Amino acid sequence: MWPERGGIAVVRCAGCGLVHATAGYAPRFLDAHYTDRAARASLGASTGMAPRPGSERKRQALALYDRLTGGKLCAAPSGAVALDVGCGQGMLLDLLREAGWQTVGIERSGAAAAAIDAGHRVHAIDVEDPDERTALDERFDVITMTHVLEHLRNPVGALRWIASHLREDGLAVVEVPNWEDLARPLWGARYRPLELGDHLSFFERRTLTDLAERADLRVRTLWSAAQARTLLFPSLLTGLDTVAEGLRALRGARRAKPSNAGVGVASQRVTPGAGRLRHAAVTAALSRLDRLDPLLESLSGTGWARGANLVAVLERPR
C-alpha cells in the first residue's frame, strides 16, 4: 500500500497486479464536475478569452495516434465510422470528422451537450459493465478511449465492450497515464496526475497488456516515450499545490492566534485581461516544450517504461 491522501489509498492487486485506488468520488459528483468544467470552457471560448482548452493538444494527440496506427486515422476510408468513448465536448470527434470519419461519441455527463450541438451522435451509456442495455447496434472501424480507462473501477469490462463493438479489421486506441511515470515517486500521493478520487485504476505496460488480453484484444503497438511537457509541467503544478497548501496551513495557524487591531491581509486585485494574458503565456510555454518531443522520443525510444502516458493500439485477434 502507498501513502494515502484525503482518505484514499492506492494498492496493488495481489492477483492481477493492477494498481487501484481504495475509494473514489460518487459518479454524480464527477458528472456534475465535468458538466461545469465544459460549461466554463464554452463560456471562455464564446467570450473570446481562449480557444477551447485542450483543442491543440487533441490535434497533437491525433497526429500521434495516426502515426502509431500507420496512417489510418487522418485519412478515413469512405463511409468509415469512428467512436470516441468519453468524448466530453467532442473535440477529438471534431478532428476525426475533419479527417473524413462519420463520428459517434459516448458521454454520460452534461458535457455531451456541446458535442451534440456540434453535430455528433452521442450515447449516454456506461461501458464499464457491458450487457444488452449498453450494446449498440453498429460496429466501428476505429474506437478511441483517451484518458478514460483510469476513471473506471472495472477497466477490463470497458475493454470487453470495445472488443465487442470493433469491426473485424478495426482498431482501438487507448491512452492512459502511466503508473511508472518518472516523476510520480518523487511526489507520492500528492502528484497532480494521480487525481485520487477521480482516477480509480493505474496502469503499467504489463498490466495494460494483460487487461487487453483478458478482454480478447491483442496489443498491436504499445507506446510510451519521454515528452517535455509531461516531464516538467505536472511536477511544476504539484510543487505549486504543495506551496499553496503550506500557505493555507500557515494562514490557518495565524487566524488561530489573537491578532492586532488594524492588521489584515490585503485582497488581491484582478486586472482586466489578466486571465487572457496568463492563458497566452502558459500556452506559448507549453508549445515550446512540445517542440522538444521528437528529440526526446529519439533518445528515450517508444518503449520507455517511465513515460508519463501509455498509448495502446489494440485489435481483435486474427
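What the table shows:
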| item | result |
| --- | --- |
| Residues listed by number, region 191-205, amide nitrogen under 15 Å from LEU240 label point at 7 Å toward C-beta | 192-193 |
| Inter-probe distance in nm under a simple model that places probes 7 Å from Cα toward Cβ, at ARG5 and ARG306 | 2.0 |
| R0 of 25 Å, Cβ-Cβ distance ALA284-ASP117: FRET efficiency to nearest 0.05 | 0.25 |
| Dipole-positive endmost among LEU73, ALA285, ALA212 within the chain (Cβ charges, Cα centre) | ALA285 |
| In nm, spacing of pseudo-spin labels at ALA26 and SER164 (7 Å Cα→C-beta vector) | 2.9 |
| Net dipole in debye of the chain [+1 Lys, Arg Cβ; -1 Asp, Glu Cβ; about Cα centre; nearest 20] | 1460 |
| Relative contact order (%) - the chain, alpha-carbon pairs under 8 angstrom, separation at least six | 20 |
| Set of region 230-252 residues, backbone N closer than 16 Å to the point 7 Å along the Cα-Cβ line of LEU186 | 230-243 |
| Structure-derived volume of the Cα convex hull per residue in Å³ - corresponding label in (1) 144; (2) 191; (3) 160 | (3) |
| Two-site FRET efficiency, THR35 against ASP129, from Cβ-Cβ distance with R₀ of 22 Å, rounded to 0.05 | 0.50 |
| Fewest-first sequence of CYS87, CYS16, CYS74 by Cβ atoms within 10 Å of each Cβ | CYS16, CYS74, CYS87 |
| Between 0 and 90°, nearest 10: helix 205-214 axis offset from the chain longest Cα axis | 40 |
| Residue-averaged [θ]222 nm for the chain, counting only DSSP H segments that reach four residues, each worth -39500 (n - 2.57) | -12500 deg cm²/dmol |
| Distance-filtered residues of region 158-184 - backbone nitrogen under 11 Å, label point 7 angstrom along SER78 Cα→Cβ | none |
| Charge dipole magnitude, Cβ of K and R +1, D and E -1 - region 65-219, Cα centre, debye nearest 20 | 320 |
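The numbers here are math on the coordinates, done by the rules we state, and not lab data. All figures in this text were calculated on a predicted structure; none of them were measured in a lab. Neighbour counts are summed over all protein chains in view; Cβ atoms, including those assigned to glycine, are modelled from backbone coordinates with ideal geometry.
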